[in-house]
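Working notes, beginning with the structure itself.
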Amino acid sequence: MDAMQPEPTTLPTAAIIICSKDRHAGLLTAVDHVRRLEYPRDRYEVIVVEEEGSQAGPVAGVRYVAIPRKHLGLGYARNVGVSHVDLNRVDLVAFCDDDEVPDPRWLREIVRPFQDPAVYGAGGLVRCQESSAWLETQELLGIPGSGLRRLADESADAIVPTVVLSGSNHAYRSAVFREFRYPEDTKILRGQGEDFFMACEVGGKYALAFNPKAIMYHEPRATVARLWKTYFARQKRDYLARHYFMGHGRFEALFWKGHRLLLFRSAAACALVVGLGWPGAAALVLLYYGGALLSVRRLYRFVRRKATFFLYPFAKLAADLGVLAGEVVCLGQLRAGAPPMKLSRDKTGRG
C-alpha cells in the first residue's frame, strides 16, 4: 500500500462518531474541529453519543444521541452510534474521542487506505497536543495510539498493513458492522480494550492498514498517577485479550514473554539492592535510566523538545509500576475457565 496513490475522484461518504462522557466542553471543541475538516461537507456526517450528566446537552449541527447514565462503557456507546448510521448509504464509519482534535486533513487521510478493496479497517497516528516536555514523554511510551513508536516502527510516510487500530483514531467499512459489533461492558471486559478486541476479530478476516498521515491530537495524560493508572488498566486488558479472547492458559496469558522479562528485571533489581545496599541502589538507578534511554534512542529525532528524551525514564518507571500492579491484580482476582469473548453479531445484534 502506497501513500502516494492518487486521490479518488469521488471521495467516500463517511459517518464520524464521537462518544462522550462528562467532557462536554471538550466535546464541543472536538465537534468544532471535525465540522471544519478539509473534506467535502456533503460527504460526511457527525454523530455524537453522549452519556447523560449534569453538563450534557444537545450539540448544534450534528446528530445528537443521549444515552442513559448506566456506565455501560465505550463499546456500548460506539454500538449505539453505529445503530444511527444508514449502512446502506455510508461507505465508512470513523471514530474519534471527545478529548482530541483532528488534523484538518485527518478524514481525507483516514479514507485513503480504503482505495485498496481488501482493506476493511484503517487507523492513524495519535500525537499529544503540544504542551510540555514531560507530557511529550507519553508519546515515547507509546500512548496514546502507540505514539512515536508506531511512527518509527511502521513508516514515516507509507500506508502499511497493521494488526491493531487505535480506538481514538480509526475507521471501518460500513459492511463490517453487518458482521461485527464492539464488545460491551461485561464482568470479563470491565470497560477495557473494546477497540483492541474489535480489531482482533475484524483483522482475523479482513486486512487492516495504518496511515501515519491521518493524525489526531490527543489531550495528554498529565500526571504520574494517571500514567500509572493507564498502564495498570492496559495490563488487565492485555491479560483479558490473551486469556479470554485468544485462548491462552491463565498463567501463559499473564506471564507472556515481554512480562516475564519485566518480572525478571524486577527480581534482579531487588536482589541487587538487598545484596549491595545503597551502592546497589545507585547502580540500579543508573542502569534503569541508561537502559530506558537506549530503548528509545531511535525516537530521538521525532521529539519536539529534546528535554523530553531525558525525562522519559521517569515516565517509564510510572508505567512499569502500573504494569506490575496490574499483573498482581490479574493473578489474584481473575478466574480461569470463563468462555472466550465473541464480538460477531448474534441474534441480539443489528444486521
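Here are some notes:
- Close pairs (9 angstrom Cβ cut-off, 6 or more residues apart or separate chains): over 13 Å from Phe196 (Cα atoms) and touching a residue at least 12 places away in the same chain (Cβ under 8 Å) in the range 223-238, open to solvent by 70 Å² or more (accessible area, probe 1.4 Å) and in a helix (DSSP H, G or I) anywhere: Val224/Phe314; Val224/Leu317; Trp228/Leu321; Tyr231/Leu321; Phe232/Leu321
- Residues located in the range 1-18, provided they are at pLDDT below 95 and either within 16 Å of Ala94 (Cβ to Cβ) or acidic (Asp, Glu) (or both): Asp2, Glu7, Leu11
- Exclusive hit being of a type outside the set (Lys, Arg) and within 24 Å of the chain's Cα centre (by Cα), set Leu27, Leu87: Leu27
- Of the residues making up the range 112-126, those that are open to solvent by 10 Å² or more (accessible area, probe 1.4 Å) and either under 14 Å from Ala171 (Cβ atoms) or touching a Gly at 6+ places or on another chain (Cβ under 7 Å) (or both) are Arg112, Phe114, Gln115, Asp116, Tyr120.
- Residue in the range 42-52 that is in a loop (DSSP other than H, G, I, E, B), touching a residue at least 24 places away in the same chain (Cβ under 8 Å) and not aromatic (Phe, Trp, Tyr) present: no
- Taken over the range 71-111, residues that are surrounded by 21 or more Cβ atoms within 10 Å (Cβ to Cβ), charged (D, E, K, R) and over 14 Å from Leu37 (Cβ atoms) amount to 3.
- Within the range 157-173, being modelled with pLDDT of 90 or more and open to solvent by 10 Å² or more (accessible area, probe 1.4 Å) holds for one residue alone: Arg173.
- Failed item, numbered, when Gly247 is tested on (1) surrounded by 12 or more Cβ atoms within 10 Å (Cβ to Cβ); (2) modelled with pLDDT of 65 or more; (3) under 30 Å from Val82 (Cα atoms): (1)
- Close pairs from the range 109-127: first of a type in the set (Ser, Thr, Tyr), partner part of a helix (DSSP H, G or I) and open to solvent by less than 30 Å² (accessible area, probe 1.4 Å), Cβ under 6 Å, at least 6 apart: Tyr120/Val176
- Unique match (being more than 19 Å from the chain's Cα centre (by Cα) and surrounded by fewer than 19 Cβ atoms within 10 Å (Cβ to Cβ)) among Ala60, Ala56: Ala60
- Flag for Asp32 being of a type in the set (D, E, K, R), in a loop (DSSP other than H, G, I, E, B) and open to solvent by 10 Å² or more (accessible area, probe 1.4 Å): no
- Set side by side, the residues Leu263, Leu254 differ, and just one is open to solvent by 50 Å² or more (accessible area, probe 1.4 Å), aliphatic (A, V, I, L, M) and at pLDDT below 80, which is Leu263.
- Residue check for Val85: part of a loop (DSSP other than H, G, I, E, B), of a type in the set (Val, Ile, Thr) and either in contact with a strand residue (DSSP E or B) (Cβ under 9 Å, 6 or more places away or on another chain) or at pLDDT below 95 (or both): yes
- Those residues of the range 294-308 which are of a type in the set (A, V, I, L, M, F, W, C), in contact with a helix residue (DSSP H, G or I) (Cβ under 7 Å, 6 or more places away or on another chain) and open to solvent by 20 Å² or more (accessible area, probe 1.4 Å), in sequence order: Phe302, Ala307
The values are calculated or read from the model by the stated rules, or taken from the named source; none is laboratory data. Keep in mind the model is a prediction, meaning the values are calculated, not measured. Glycine also receives a Cβ, built like all others from the backbone with ideal geometry; neighbour counts cover every protein chain displayed. Protein only, heavy atoms only, side chains kept; ligands, DNA and RNA dropped before computing areas. Shrake-Rupley method; radii C 1.70, N 1.55, O 1.52, S 1.80 Å.
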